[in-house]
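Visitor: Take a look at this one; I'll ask things after.
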Amino acid sequence: MLKKFYTYLTVVLLLVFTASFVQAQDTQVSGTILDETGMPLPGVSILLKGTTRGTTTDLDGKYSIAAPADGVLVFSFIGYNNIEETVGSRSKIDLTLTPDVSNLDEVVVVGYGTQKKSQLTGAISSVGNKEIQELPITDARQALQGRAAGVDVVQPGSKPGSAPQVRIRGRRSFNASNEPLYVIDGIPTVGGLEDINPQDITSMEVLKDASATAIYGSRGSNGVVLITTKRGGAGKTTVSLDSYYGASYELGRIEVFDGPAFAEYKRESRRATGAYPEGPATAEADAKLFEPIELESISLGRSTDYVAGLMQNGNIQSHQVGVSGGNDKTTFFVSGNYFKDLGVIINQDFTRYTFRINLDHKITDKVSIGTSTLFTMSDRNGENFNPIGGALQENPLGKPYDEEGNLIFLPTSDGLRTNPFAEVVPGAQVDETSRTRIFNSIYLNWNITKNLTYRVNFGPDYTVRRNGRFTGSQTNARRGGDATGSVDDRFQFNYTLENILNYSKTFNSVHNLNLTALQSFQKDRFEQTTLDVLGIPAPSQLYHRLGDASQITSANTNLVEWSLLSYMARVNYDYKGKFLLTASARADGSSRFGENNKFGFFPSAALGWNLHQEEFLKNSSFVDQLKFRVSYGSIGNQAITPYQTQALLGRTSYSWDNTAAFGYRPNTIGNPDLRWESSSTFNTGFDFSILKNKIFGSIEYYITNTSDLLAPQPLPNSTGFGGFTTNIGETQNRGIELSLSTLNLERGDFTWSTDMIFTKNQEEIISLPNGDDIAAGRFIGQPLTVFFDLRKIGIWQTAEKDLAASFGDKVGEIKIEDANGDGKINSLDRQILGSAVPDFSFGITNRFAYKGLDVSFFVYGRVGSTIRSQFHNNFNYLFGRYNNLAVDYWTPNNPTNLYPRPNQNQEFPKYNSSMQYFSGTFLKVRNINLGYNFSSTVAKKIGLSSLRLYSSIQNPFIFSEYRKVHKGIDPETFIDGEQGVEGGTINANIAPPVVQYTFGINAKF
Amino acid sequence: MQTMKNLSIKKQIKNLALKGALVLGLLVGQACQDALQEDVISQIGSDYLNTQKGLDDAISAAYSTVRAWYGTERGNNFTEFGTDIYTNGADGSWKFMNTYTNQFDSNNGHVRELWDELYRGINTCNAVIERAPDIPGVSEAVKTQRIAEAKFIRAHHYFLMVQLFGPVELRLEETKVPTKEVSRAPESEIYAAIIQDLSQAIPGLEAKKASSQFGRATRAAAEHLLGRVYVTKGTSTSKASDDFAKAEPLFKNVIANYGLKLLDDFGQVHAFGNEINDEVIWSVQYTRSPLTNGGGNNSHVFFLMEYDTQPGMQRDTENGRPFKRYRPTVYAMETVFQNRENDSRYKKSYKDTYKSNKPGTYNTTFDNSKAKLTFAAGDTTMFLPGYNMTAAERASKPYQVLIPSAYTEKLFPALTKHLDPGRVDRTQFEGGRDYIAMRLADTYLLLAEAQFRQGKIAEATSTINVIRRRAAWPGKETAMEITASDMTFDFLMEERARELTGEQTRWLDLKRWGNLIERVKKYNPQAAPNIKDFHVLRPIPQNQIDRAEGGASSFPQNPGY
């Protein structure tokens, strides 16, 4: 490894050294770009035509770029017309861009370079600065929800600091990750985006088809999200201030029985077994059933709402200062941000501090270096701890506090149900996660000749995460036992080193050729240390001196390493900008595969045809732009955990009397033949713009076939193993994506425009080695995961007594569909009940503008999924002991078909898992935004160069059956299992989603 | 001009050299394929088992799998629930294992967990038996003993499985490549394999009362187990006429040859802190260190009544954490343990007195012979006389009296055999007491059974009287003795209950005797309406069937499930 590093170093040094011999040819061009109202326009792309050299304007609309005298600069920005300017002898080019609802000439960031949108051959969605900034978001991924076609973003609940899940064009893989690759300023990252401050981001591009992602080879199979952070521009230094504050309120509350309803439910659970007389309640029977505290509550009409006592009003705030500027040689962008999300459940919050320095410097006219450096620190409380579950189960007839206001630890005589309020007594439960991360993207760029550039990227990424837990004696987990504590320290170091050569030339003024070659190496090292103890002497020590504890219950360390070595070549060619060709090939070697299968080869090709440049359309008054694209390519997936090719042992513990006897036994069977999973995608699309750019958009159709799936294959346990990882079967995703923007009305100063996206993806298992695999829950023709269970068709009614008995059931119990008609209910009656995968989803943003005032609202919907609600399972045991969801249960006088009769003799109802499946369809108004831009003259009067005030409401409305009929809160769930929750499942420990009212300011000095 | 041209050529050469260097750089990168080498550092590869230390560690790992059965809720649910002497208490999610409703199905978690862990143990034993002969640097004596221990554990696991599930898969070789081809071997083949393993293991094991590494299987343990295998096989469909005759000398060896002896006081056998004693043939090891204790011995929680919410009481380590899972049946209390004058085992097995650890004045709860009671620390708060004391007599007592007619699913005589006051706090679930899996009293009872089955009534009588005399109150030894005319099979069945109640044998005993259904219907009212003939076998885990090549056609479910 060291040898390799020195080889790289030598090459780099050689390049730096010789660079000084190369003569200067370029001059520095700078300027300011304004919009139609005279406001500076940040984020404008400036590209030296025919090259991949480009920059963007800073917050003040300023830019600086090196360009030769005969060079042509292309200025482009989403929603504005492109302008091309020949540099000539000028060193300053100021421009005003005019709005253009068509954006086909925008320059977008593609892998290892930038490209004019009109020259693109791949399927790429962009989300710009504007969309990212208009939502008060914690995590940049939230900005993609409903904004980029083919991108499914879900964020269940509101737990502060929790990450959303992103799936691009569905899922392909059973076990290998379906998580897209995030590339930040050119460096492919491991782990999520939660450390990245969204306000530092200027644009996000989502690469979807094989032609676009193939250059990321093995890790592109789930799509790639390119994230570009803001950079400085030469000129006057500007300071910007961006702040918002929002108040958060729970969007709903899971309803459980109150005191009187609980008492009646408890009586009914006894009537079911004959232990309570039928008919109305009597004091005599109550006296036998209830304990004194319950009787007291019943007579006083007292009821305790434990959930309410654990909720609070939350808030969210973000304050950012950014400074950018520079001179001909050096430009910078520096920002600092404080973000805090205080959750609506007591004890849950997330605080993040981020500092960014983006620096670019020209050593000579030909050689430049730069860095994007991010430093993040965050603290999170309540990642693993949530007191709500206990509160939902607590008997409302208990008494939480005595007359002196002291907390009563056992509000009833039920020894398992301790006071939920005890959990949030300060110091009773501590669950702190802190993260520190330093992420760098460092580059050196050398224009070897006019046509040839060399670039080296180095991306070290260091993350430290520490979780500390303390659980005091007076908590439900300990119930008076000794306090426990634990720490979990994780260190991750990852680096990427890339060498990129680019050659760009125009032949005979019509043949534009661009060649890219890349060599890349990435290595990851993950270390973990954990320690768990019991018996912490003083609660005040929390988890900070675990060595003092009476017992160490577990201690361990771990090391996981992997590496990836890649080579890539790409050709971009176009003829007169009319016919476009992209071809690429990438070879990836992964340490995770067996000796003979380490390398995979992944080629792709794409063609594009700009029809509007053809004679027959050139003068059309209807069609402004029309492009046809088609691509085909293959990509690999290696995202399995390392060491799966090896047969490994597992450690066991035993003892001889009190002498430790640790052992080792076969634990994994290993599969040395593991190889790359590969996806082939055919993609075709149209980009269009019509009616003087009043309507524009794109349509995509794709088919992705994934084969050699990396999948855990369950084995009959009598072999001694529960399963192993192998390559099996084939899956397919096909779908249609539609993006459409329309200018609906433009009258004087008033405009109304709409952006729409529609995504329909069908995910399907095409083949499996032995047909349907019930053990693994995989069925041909179905999505990758389905709910396979017994189907509830109602409740056995009084008249059906005999029929119920023939199934071994009783009246008032759940009636299950006898799917195979054999007169018995057993595992053979399980059937496919649905899947967490939606049929389609869509997002619609409507924007209205009048002079400085703008209003927008954003609606998002998912249709056709099935979800599992853990609330309806975990808090629905109906056995007359714990509190229960306030469901409509069966009684002889209430012959409902919804929920079974409470019964004290059951820990949970027979076939209770069948009660938890619901439709996941919903429509959400995600955001309503109102903003006002002060005119520059007003802004100047108060010493500012610009000023915007805005207010928004997040998540004001959710429309769904789960919410309306079944008293759930929000049916939005992860598709893949994550964060300890199965896919498609609403975690019973979820923090409820919130509605937020935000007020914000953007000011520039 | 000339100079300029030269310059430009020079430049071109320079550029060419540079490009060359770059290409070279990329090629060197390519040569670094060792960068993709995957080294396992934090874990250990399978070849480790082919070393001397690996052999020892594999055997330790094989032993650890016995903890899946002894002292766990699953082991107890399989053996205590749904029998003639125990039924369900108030709590727990597994009551259907007592009541035999159709909730007890192939998705049962206990079935699955036990199946998985026993087969992991079997695969580990297979690896030892296969690999040990070729391991360099290990003495023949050590190899022989380790292989014998592996065969003992493998036989132990298969014996458990054949009793619970009937025909199961018989794997006697280590699984080295993934396979889904599995099938159910006939019971007779499984018994043959068990008998062969134990017969081969016996000479290789230590012929001592206990191994110097306490907890390792000894010759006595293997002989006791083999004897029990014969007694069990003798009533199975695989029975042979000489099964009982083969069992008898094995039990006699255990009794005679190794220095094992019955303790004088029955109460000392399960006394806390006395887990290593002369009566123990083989016990499953638990410790006080969480690092070696695994899930711990959990038996201390299941048999207790809900004392901790009663007046004057709170939960403490002494009285235990009451899960109230298992409640003795009326038959157990009133018939099996009827004789309390001469037989000390009722008093020494069940707790009848609770002393206050939460002084104060309280309203009475179950004993309505008085309204209020005041307790100082250490005062008796509750007493279970074991008979229906009159209200008048109860009224005279300064504590609550819990009489049999007031027994509920929460309040009943608690079994004290497994109480574990040595836990660090009152909440700790992972108990540290060894679980006595085989003890000499059981050897006597099994010997009596083998003798009885052969018609040797006199021998059976004198064997059983050894146990009876030990169980007697002082001075009542003679009164406890029975005569040959008392020596019926019914008597033997009740004697086993008296001696071994709560020791994870009862369901297996009933199954062996072939009267599980009959006795459960007769003595366990919760289970009686539901139990059916097919319940003599447990369901095969659904995932074993689902994962098998060919599914249910190659790995069929037991009938009825």
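No value in this document is a laboratory result; all are computed from the given coordinates. It should be emphasised that the depicted structure is a prediction, and the values quoted were computed from it without experimental measurement. In this analysis, Cβ positions are derived from the backbone assuming ideal geometry, glycine residues included, and neighbour counts consider all displayed protein chains.
Visitor: For the modelled label position 7 Å from the Cα of A:HIS319 along Cα-to-Cβ, which residues of segment A:186-202 have backbone nitrogen atoms closer than 19 Å?
Guide: Those under the cut-off are A:197-200.
Visitor: Can you list residues from other chains, or at least 5 along the same chain, whose modelled amide H is less than 5 Å from the amide H of A:ASN395?
Guide: A:ASN883
Visitor: With the crude spin-label approximation of a point 7 Å out along Cα→Cβ, what separation in nm comes out for A:SER620 versus B:ALA371?
Guide: 9.7 nm
Visitor: Average partner chain C-beta neighbours within 10 Å, per residue of A:497-505?
Guide: Details: counts 1, 0, 4, 0, 4, 0, 0, 0, 0.
That works out to 1 on average.
Visitor: How many nm is it between the label spots at A:ALA261 and A:PHE957, if each spot is 7 Å from the Cα in line with the beta carbon?
Guide: Modelled inter-label distance: 2.6 nm.
Visitor: In addition: How do A:ASP657, B:ASP420 rank when sorted from fewest to most other Cβ atoms within 10 Å of their own Cβ?
Guide: Working: A:ASP657 17, B:ASP420 22.
Ranking A:ASP657, B:ASP420 by Cβ neighbours within 10 Å, fewest first, gives A:ASP657, B:ASP420.
Visitor: Determine, for A:THR891, A:THR202, the number of other Cβ atoms within 10 Å of each Cβ, and report the residues in order from fewest to most. Present the calculation step by step, with values, prior to reporting the outcome.
Guide: Numbers: A:THR891 17, A:THR202 22.
With the fewest neighbours first, A:THR891, A:THR202 line up as A:THR891, A:THR202.
Visitor: Roughly how tilted is helix B:489-500, in degrees to the nearest 10 and between 0 and 90, from the longest Cα axis of chain B?
Guide: Tilt relative to chain B: about 60 degrees.
Visitor: Next question. Taking 0.36 nm per intervening residue step and subtracting the Cα-Cα distance, what contour gain separates A:ILE844 from A:GLU817 on full extension? Walk me through the intermediate numbers first.
Guide: Working: separation 27, 0.36 × 27 = 9.72 nm, distance 4.01 nm.
Length gained between A:ILE844 and A:GLU817: 5.7 nm.
Visitor: So who's got an amide H within less than 5 Å of the one on A:ALA69, skipping anything under 5 residues away but keeping other chains? H placed 1.01 Å off N, in plane.
Guide: Distant-sequence amide H within range of A:ALA69: A:THR27.
Visitor: Across segment B:502-519, in residue order, what do the Karplus-derived ³J(HN,Hα) couplings come to in whole Hz, using 6.51 cos²θ - 1.76 cosθ + 1.60 with θ = phi - 60° and x for Gly and Pro?
Guide: Calculated HN-Hα couplings, in order: x, 10, 6, 10, 5, 4, 5, 5, 4, 5, 4, 7, x, 10, 4, 4, 4, 6 Hz.
Visitor: Now, a different point. Kindly express, to the nearest 10 degrees and within the range 0 to 90, the angle between helix A:2-19's C-alpha long axis and the longest C-alpha principal axis of chain A.
Guide: 30 degrees
Visitor: Please list, in order along segment A:841-848, the HN-Hα scalar couplings obtained from phi with the Karplus expression 6.51 cos²θ - 1.76 cosθ + 1.60 (θ = phi - 60°), rounded to whole Hz, x for Gly and Pro.
Guide: Along segment A:841-848, the couplings run 9, 8, x, 10, 10, 10, 10, 10 Hz.
Visitor: Between A:LEU407 and B:ALA245, what is the spin-label point distance in nm, taking each point 7 Å from the Cα along the Cα→C-beta axis?
Guide: Placing both labels 7 Å beyond Cα along the Cβ direction yields 7.3 nm.
Visitor: So what is the calculated 222 nm ellipticity per residue for the protein assembly as shown, using -39500 (n - 2.57) for each DSSP H run with n of 4 or more, over all residues, to the nearest 500 deg cm²/dmol?
Guide: Values: 33 runs with 327 residues, N = 1566.
Mean residue ellipticity, 222 nm, calculated: -6000 deg cm²/dmol.
Visitor: Here's a follow-up. Please state the relative contact order of chain B as a whole percent: Cα pairs under 8 Å, 6+ residues apart? Before the final figure, lay out the partial values.
Guide: On the way: 942 pairs, mean separation 110.4, N = 561.
The normalised contact order for chain B reaches 20 percent.
Visitor: Here's something else I'd like to know. Mind checking the mean number of beta-carbon atoms from other chains within 10 Å of the Cβ atoms in B:162-174?
Guide: On the way: counts 0, 0, 0, 0, 0, 0, 1, 4, 1, 3, 0, 0, 3.
Taking the mean over all residues of the peptide, I get 1.
Visitor: Still on this model: How high is the FRET efficiency between A:ASP305 and A:ASN327 when r is their beta carbon distance and R₀ equals 41 Å, given to the nearest 0.05? All intermediate terms of the calculation are to be shown ahead of the outcome.
Guide: Values: r = 63 Å, r/R0 = 1.54.
Rounded to the nearest 0.05, the efficiency is 0.05.
Visitor: By how many nm would the segment from B:GLN52 to B:SER396 lengthen if fully extended, with 0.36 nm per residue of separation less the alpha-carbon distance?
Guide: Details: separation 344, 0.36 × 344 = 123.84 nm, distance 6.98 nm.
That works out to 116.9 nm of additional length.
Visitor: Checking the table A:LYS130/A:LYS1004; A:LYS505/A:LYS692; A:LYS792/A:LYS964; B:LYS95/B:LYS532 against a 26 Å threshold on Cα-Cα, which pairs fail?
Guide: Values: A:LYS130/A:LYS1004 16 Å; A:LYS505/A:LYS692 33 Å; A:LYS792/A:LYS964 20 Å; B:LYS95/B:LYS532 16 Å.
Correct reply: A:LYS505/A:LYS692.
Visitor: If the chain between B:ILE276 and B:GLU549 were fully stretched, how many nm would it gain, using 0.36 nm times the residue separation less the Cα-Cα distance? Before the final figure, lay out each step's value.
Guide: Values: separation 273, 0.36 × 273 = 98.28 nm, distance 4.64 nm.
Roughly 93.6 nm would be gained on extension.
Visitor: So, one more: For the pair A:TYR249 and A:VAL965, what calculated FRET efficiency results from E = 1/(1 + (r/R0)^6), where r is the Cβ-Cβ distance and R0 = 22 Å, to the nearest 0.05?
Guide: Details: r = 23 Å, r/R0 = 1.04.
Between A:VAL965 and A:TYR249 the formula returns 0.45.
Visitor: Compute the helix-to-body angle for A:259-271: its Cα long axis versus the longest principal axis of chain A, expressed 0 to 90° and rounded to tens.
Guide: 60 degrees
Visitor: Then there is this: Rounded to the nearest 5, what % of DSSP beta bridges with both residues in chain A are antiparallel? Present the calculation step by step, with values, prior to reporting the outcome.
Guide: Working: 368 of 379 bridges.
Restricted to chain A, the bridges split so that about 95 percent are antiparallel.
Visitor: Once the Cβ-Cβ distance between B:THR235 and A:GLU982 is put in as r, and R0 is 51 Å, what FRET efficiency do you end up with, to the nearest 0.05?
Guide: Numbers: r = 46 Å, r/R0 = 0.89.
For R0 = 51 Å, the calculated efficiency reads 0.65.
Visitor: Another question, then. I'd like the Karplus ³J(HN,Hα) series for segment A:962-978: coefficients 6.51, -1.76, 1.60, θ = phi - 60°, whole numbers in Hz, and an x wherever there's a Gly or Pro.
Guide: Each residue of segment A:962-978 in turn: 4, 7, 7, 8, 9, 6, x, 10, 8, x, 6, 9, 4, 7, 8, x, 6 Hz.
Visitor: Looking only at other chains, what is the average number of their beta-carbon atoms within 10 angstrom of each beta-carbon in B:319-325? Let's see the in-between values first.
Guide: On the way: counts 0, 0, 3, 1, 2, 1, 0.
Average neighbour count from other chains, rounded to a whole number: 1.
Visitor: Given contacts defined as C-alpha pairs under 8 Å and at least six residues apart, what's the relative contact order of segment A:601-712, whole-number percent?
Guide: Working: 216 pairs, mean separation 30.8, N = 112.
Relative contact order, segment A:601-712: 28 percent.
Visitor: So who's got an amide H within less than 5 Å of the one on A:GLY31, skipping anything under 5 residues away but keeping other chains? H placed 1.01 Å off N, in plane.
Guide: Result for A:GLY31 returns A:TYR63, A:ILE93.
Visitor: Could you let me know the centre-to-centre spacing of segment A:978-1005 and segment A:268-320, using Cα atoms, in angstrom?
Guide: Rounded to whole Å, the Cα centres lie 31 Å apart.
Visitor: Which one, B:PRO474, A:PRO411, A:SER520, projects farthest toward the positive side of the charge dipole computed for the protein assembly as shown from Cβ point charges (K/R +1, D/E -1)?
Guide: A:SER520
Visitor: Moving to a separate point now. Find the relative contact order for chain A and round it to a whole percent, using C-alpha pairs within less than 8 Å whose residues are 6+ positions apart.
Guide: Details: 2827 pairs, mean separation 112.6, N = 1005.
RCO, chain A: 11 percent.
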